[in-house]
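The values are calculated or read from the model by the stated rules, or taken from the named source; none is laboratory data. Only a predicted model underlies this, so the values are computations on that prediction, with no experimental measurement involved. FYI the Cβ positions are ideal-geometry reconstructions off the backbone, even for glycines, and counts take in every protein chain you see.
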Amino acid sequence: MRDKNPWQTLAAELKYDNPWIRVTEYQVINPGGGKGIYGKVHFKNKAIGIIPLDAEGNTWLVGQYRYVLDQYSWEIPEGGGKLDVPLEESARRELQEETGLRAGTLQLIQTTHLSNSVSDEEGYVFLATDLEAGEWSPEESEDLQVRKLPFEEAYQMVCRGEITDGLAVAGILRLKLMLLNGEVRY
């Protein structure tokens, strides 16, 4: 196993910084010995996704228009978690904000590195069970549609390429495997 860093950093220059991301350009010597540049997007939050699952096997998806993609996207409830806030606390907040649901139980089921060739963004997917309905409170920047559906239908949406968000795809596939292996039951 190769775990030694074959890259050499010669210099680093901050190119962009805002409250959510920082972009740095590095002058490097690559593993083959050539000089080049490498850009890194540093995320100032953790990506948090939640798959709510009720006793009947239903889940909730959130639909919204994604500015960067310039298209509509169906996803699991998700958002950013501050680095100094426990992941579970951020997951509970995002679930309530986007769906109104509160989870009696949260279980971390998937950890991901999203777009790891250009960013250090870490993603975490939680399974939320023992659900209780409440009021939702989306952020000002969110124009959300919430849809309750059988989990199997959400899985089929992934299989048909209708759900493309990386955190949602990883989480839904992981939960499907857990259901097949009997690790989780409705």
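Could you look through the range 48-105, keep only residues that are free of Cβ contacts under 8 Å to residues at least 40 places away in the same chain and under 19 Å from Val158 (Cα atoms), and pick out the one that is nearest to the chain's Cα centre (by Cα)? The selected residue is Pro77.
Taking the stated definitions as given, is Gln110 surrounded by 19 or more Cβ atoms within 10 Å (Cβ to Cβ) and either under 30 Å from Lys40 (Cβ atoms) or in contact with a strand residue (DSSP E or B) (Cβ under 6 Å, 6 or more places away or on another chain) (or both)?
Numbers: surrounded by 19 or more Cβ atoms within 10 Å (Cβ to Cβ): yes; either under 30 Å from Lys40 (Cβ atoms) or in contact with a strand residue (DSSP E or B) (Cβ under 6 Å, 6 or more places away or on another chain) (or both): yes.
Yes; evaluated as a whole, the condition is true for this residue.
Among residues of the range 144-171 being free of Cβ contacts under 8 Å to residues at least 60 places away in the same chain and either of a type in the set (A, V, I, L, M) or not assigned by TED's automatic domain parsing to the domain that holds Gln71 (or both), the one that is farthest from Ile76 (Cα to Cα) is Val158. Selection of the range 113-134 for residues being buried (at least 18 other Cβ atoms within 10 Å of the Cβ) and hydrophobic (A, V, I, L, M, F, W, C) yields Val125, Phe126, Leu127, Ala128, Leu131. Residues of the range 100-115 that are over 26 Å from Ile21 (Cα atoms) and not in a strand (DSSP E or B): Gly100, Leu101. Exactly one residue out of Glu78, Glu56 is surrounded by fewer than 21 Cβ atoms within 10 Å (Cβ to Cβ) and within 22 Å of Leu173 (Cα to Cα): that is Glu56.
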